[in-house]
Amino acid sequence: MALAMVFLMGVANFAMHRAVLDSGHPILGQIGWLYRSLGGRFSLAVEFALLVGTMLLIASGGEWWAWGYGLYTAMNALSAWLILSGKL
């Protein structure tokens, strides 16, 4: 069950990440090479590595990693909301 939940959170993280990248917000210029590398796709690769790593840890018995990924997803959601709503 934890694996499925993390997968769904990963889909949400990718959607939020892509929306922020597509927003063209000025804050993206401040993160430098991570954003400019491969047109922002490098940061999506990092997002993918986090998802796969968490899923592998959960599959090997560390279901508590799902809580950490849930916290990461909550922080992403807050950040995306602040950026996309213009509050940041």
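Taking the listed residues TRP67, TRP33, the one that is exposed (fewer than 12 other Cβ atoms within 10 Å of the Cβ), modelled with pLDDT of 85 or more and not acidic (Asp, Glu) is TRP67, with no other qualifying.
Scanning region 40-64 for residues that are more than 26 Å from GLY24 (Cα to Cα) and in contact with a Leu (Cβ under 8 Å, 6 or more places away or on another chain), we see that the one that is surrounded by the fewest Cβ atoms within 10 Å (Cβ to Cβ) is ALA59.
The values are calculated or read from the model by the stated rules, or taken from the named source; none is laboratory data. These numbers come from a predicted model, not from an experiment. FYI the Cβ positions are ideal-geometry reconstructions off the backbone, even for glycines, and counts take in every protein chain you see.
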